[in-house]
Amino acid sequence: MKIGIIKERKNPPDRRVVLSPKKCKELIIEYPDLSIKIESSADRFFTDTDYKNEGIAVVNDVSDCDVLLGVKEVPIANLIPHKKYFFFSHTIKKQVYNKELLKAILSNNIEFFDHETIINKNGIRLVAFGRYAGIVGLYNGFRTYGLKFKLFKLHKAEKLHDQLMLIHELQKLKLPPIKVVLTGKGRVSNGAKEMLDGMGMREASVEDFLNQTFNEPVYVQIDVLDYNKRIDGKVINEQDFFKNPQEYKSDFKRFAKVADMYVACHFFGAGAPYIFTREDAKSKDFKIKVVADISCDIDGPVASTTRSSTIAEPIYGYNPITEKEVDFNDENAIAVMAVDNLPCELPKDASEGFGESFGKYVIPSFFNNDKDGVLQRARMTQDGKLMEGFSYLQNFVDGE
C-alpha cells in the first residue's frame with residue numbers, strides 16, 4: 001500500500017502535515033507492506049530534508065499512491081481522479097464556499113474521508129487539532145490582554161517553536177489579580193487549561209470565583225450547566241441540556257460581572273442559548289474586556305465575535321454600545337481575538353499530535369480489514385456517490 005503526503009496548496013500555505021518524519025518512519029517499520037512518499041514542499045514546518053533524513057522518499061509527483069493525505073482543502077484543479085483522499089473539506093455542515101469542491105470530489109470518482117468524520121462507534125472524534133487551538137488561543141488571549149492594557153508585549157505564537165516555549169513566555173508575566181473564565185470541558189478547553197496550569201495560575205471553584213476577591217490571578221473552567229439554567233428552574237443533568245437546549249437560558253451574566261477575561265472553548269449546538277448577547281454586553285455590570293474566542297462562531301453565542309480574525313491581524317475591538325467594530329485600544333472596546341486557524345501557529349506540535357492519533361486509529365484500519373469500522377464511518381463518497389451517512393448533503397450538492 002502506498003500513501004502520499006500531498007503539498008498544501010491552499011493560500012496562505014498551511015505549515016502543518018498529517019504525518020511527521022519520525023511518525024512516517026515508525027509506521028513503515030510497523031507495517032512492512034506500507035510505503036510513504038512525500039510531495040516536495042517549501043512551506044511545511046518539517047522540511048524535505050527532515051523526511052529524507054528518516055529515509056522517506058521525497059518526490060514531485062504522488063499520483064502513483066493509493067491514498068493521499070492532506071490537511072486543508074485541496075484546490076479542485078489539483079484533485080487526482082479515482083484516488084482515496086483524506087483532508088479537511090469543510091463541507092459536512094453544507095458550507096456554501098466549498099460546495100464546488102464536494103461536487104468535484106464526486107465527479108472525479110474520489111473515495112473521500114474527511115478528518116472530521118473519523119469517529120469511534122460512540123461518535124467521538126479520533127483525530128483533531130482542537131487541543132492545539134486551545135493551547136495557542138489561550139496564549140493569544142494573554143497577548144491580547146497585555147496589548148489592550150499596555151502591560152506587556154508577548155511574541156506572536158507563530159514565532160515560537162512549541163508549547164513549552166509558549167508556557168515559558170507566560171510564566172514570565174507579572175499579572176494583576178485578574179479573573180479568567182474558561183467555557184467548555186472538551187479537547188479545546190483542556191488544551192487551554194494545560195496552558196493556565198503550566199503558567200502557574202490558580203484554579204478557583206465556581207463559588208469562590210463568583211464570590212471571593214483574590215490577591216492573585218485566578219481562573220475557573222465551567223461547563224454547560226454552570227453557564228446555562230433551565231427556564232423552569234429545574235436542575236437535571238447535562239444530557240437534558242443537550243437533548244432539550246430550547247428549555248434553557250444563559251446564566252453567564254454572573255461570571256461576566258466578575259471576570260476580566262473570557263476564553264471561549266465551548267461547543268455550540270443548534271438550539272442552545274447564546275452565552276452572552278449584544279444587550280448583555282451593554283450592561284454596566286458586564287466587566288469582561290478581553291475575549292479570546294477560540295470556538296469562533298461568527299454572530300453566534302459570543303456577541304463580540306462579529307468576524308474571524310487572522311494570524312497576521314489577530315485582534316479587533318467591539319464597542320458594545322454602538323455594536324460596531326473599533327480599535328481594540330479604545331477605552332470602551334472589548335478586545336477580541338478570534339483567529340479561526342489557531343493550530344497553524346504551532347505547526348510542529350500540532351502535526352506531531354495529529355500524526356500520533358492518525359497512526360493509532362486510521363492506519364491500522366487499512367491492514368486489519370477495518371475491523372473497528374473507522375473507515376466505513378468516515379467514508380463520505382465512493383463511486384461518485386455520497387455514502388448513506390452523508391446522504392443529507394445530496395440536496396446541498398444538487399443546489400436545492
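Where a number appears in this text, it was derived from the coordinates with a stated rule and is not lab data. All values derive from a computational prediction rather than experimental measurement. Using ideal geometry, Cβ is built from the backbone for each residue, glycine included, and neighbour counts are taken over all protein chains shown.
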Of all DSSP beta bridges having both residues in the chain, the percent classed as antiparallel (nearest 5) is 30 percent
For the residue 277, residue 368 Cβ pair and Förster radius 60 Å, calculated FRET efficiency rounded to 0.05 is 0.75
With a 19 Å threshold on alpha-carbon distance, the violating pairs from 150/172; 93/348; 52/156 are 93/348; 52/156
Among region 301-316, those whose backbone N falls under 14 Å of a label point 7 Å along Cα→Cβ from residue 327 are 316
Flagged as over-length at 24 Å C-alpha distance, from 84/243; 185/234; 83/121, the pairs are 84/243; 83/121
Residue 383 and residue 90 label points (each 7 Å along its Cα→Cβ direction) are spaced in nm at 3.2 nm
For residue 100, placing the label point 7 angstrom along Cα-to-beta-carbon and taking region 54-88, residues whose amide nitrogen sits under 13 Å are 75-78
Projected onto the charge dipole of the chain (unit charges on the beta-carbon of Lys, Arg, Asp and Glu, signs +1, +1, -1, -1), the Cα from 376, 311, 341 with the largest positive-side position is that of 311
If the chain between residue 231 and residue 40 were fully extended at 0.36 nm per residue, the gain over the current Cα-Cα distance would be 63.1 nm
Measuring from the longest principal axis of the C-alpha atoms of the chain, the long axis of helix 130-148 (C-alpha) lies at a number of degrees, nearest 10, equal to 40 degrees
Expressed as a whole-number percentage, the relative contact order of region 130-345 with C-alpha contacts under 8 angstrom and at least six residues apart is 22 percent
Taking every DSSP bridge whose two residues both lie in region 160-258, the antiparallel percent to the nearest 5 is 30 percent
DSSP beta bridges in region 197-356: the antiparallel percent, rounded to 5, is 50 percent
To the nearest 0.05, the calculated FRET efficiency linking residue 307 and residue 64 through their beta-carbon distance, R0 being 41 Å, is 0.45
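Based on alpha-carbon positions alone, could you give the equivalent ellipsoid semi-axes of the chain from the gyration tensor, as √(5λ), descending, whole Å?
Working: eigenvalues 303, 125, 76 Å².
One finds semi-axes of 39, 25, 19 Å for the chain.
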Answer in debye to the nearest 20: the dipole magnitude of region 211-259 about its Cα centre, from +1 Lys/Arg and -1 Asp/Glu charges placed on Cβ, is 240 debye
Here, residue 398 and residue 375, labelled 7 Å along Cα→Cβ, have an inter-label distance in nm of 3.0 nm
Restricting to Cα pairs under 8 Å and 6 or more apart, the percent relative contact order of the chain works out to 18 percent
In this structure, among 193/249; 229/284; 7/174; 10/360, pairs with alpha-carbon gaps over 32 Å are 7/174
Quick calc, the chain, dipole around Cα centre from Cβ unit charges on Lys, Arg (+) and Asp, Glu (-), nearest 20 debye, gives 440 debye
Rounded to one decimal in nm, the spacing of the 7 Å Cα→Cβ label points at residue 121 and residue 240 is 3.1 nm
